[in-house]
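Reading through the structure tokens given below for one structure.
The values are calculated or read from the model by the stated rules, or taken from the named source; none is laboratory data. Computed from a predicted structure; not experimentally measured. Cβ placement follows ideal geometry from the backbone for every residue including glycine, while neighbour counts extend to all protein chains displayed. Heads up: the accessible areas ignore ligands, DNA and RNA and are worked out on the full protein's heavy atoms, side chains in. Shrake-Rupley method; radii C 1.70, N 1.55, O 1.52, S 1.80 Å.
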Amino acid sequence: QVQLVESGGGLVQAGGSLRLSCIISGSIFNIITMAWYRQAPGKQRESVATITDGGITNYADSVKGRFTISRETIKKMTYLQMSSLKPEDTAVYYCNVDGRNWDGRLLRYWGQGTQVTVSS
């Protein structure tokens, strides 16, 4: 029932910026953690940034200082502001949510991904 939809990806030149958005639809009792992952060609999917319900953030070393994750809990949305983009940032970016169902069970949800391409 729960679906995550990413948007904001596209083509950008090195040094540019993009803002990714993720909206969560459907019924969910409580969102615990929101996160962004990415998978580049020839690489494993990696965690880029996470944010807890308390606002605590964590970033991968490769994006620290350049990317910022945020959330709007009431709107059930999360954002990834990306600046100083590099060609190495080219990847499919996925929204991820860890939440608690109405019966108290912990569940993990994934979006379909949005393509980000950074040209040199």
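How large is the Kirkwood hydrodynamic radius of the chain, counting all unique pairs of alpha carbons, in Å?
Radius from the Kirkwood sum: 14.4 Å.
Where a Cα-Cα gap under 14 Å defines reach, which aspartates and glutamates qualify for residue 43, not counting those fewer than 8 residues away within the same chain?
Of all the aspartates and glutamates, those that pass the test against residue 43 - Cα under 14 Å, at least 8 places apart if same chain - are 88, 89.
So how much slack lies between residue 56 and residue 75, counting 0.36 nm per residue of separation and subtracting their Cα-Cα distance, in nm?
Working it through step by step, the gained length comes to 5.0 nm.
Would you mind telling me the share, in percent, of accessible area of the chain contributed by carbon and sulfur at probe 1.4 angstrom?
So the carbon and sulfur contribution to the accessible surface is 50 percent.
Provide the net charge surrounding residue 120, with neighbours chosen by a C-beta distance below 11 Å and charges set as Lys +1, Arg +1, Asp -1, Glu -1.
Local charge sum for residue 120: 0.
How much of residue 75 can a 1.4 Å solvent probe reach, expressed as accessible area in Å² and rounded to 10?
Near enough 120 Å² of accessible area.
What would the Debye formula give as log10 I(q)/I(0) at q = 0.15, 0.20, 0.25 Å⁻¹ for the alpha-carbon point model of the range 74-120, no solvent?
Reported log10 I(q)/I(0), two decimals: -0.56, -0.79, -1.00.
Quick one: accessible area per residue over the chain, 1.4 Å probe, rounded to a whole number of Å²?
54
Sorted by accessible area with a 1.4 angstrom probe, largest first, how do 89, 98, 53 fall?
Largest accessible area first, the residues go 53, 98, 89.
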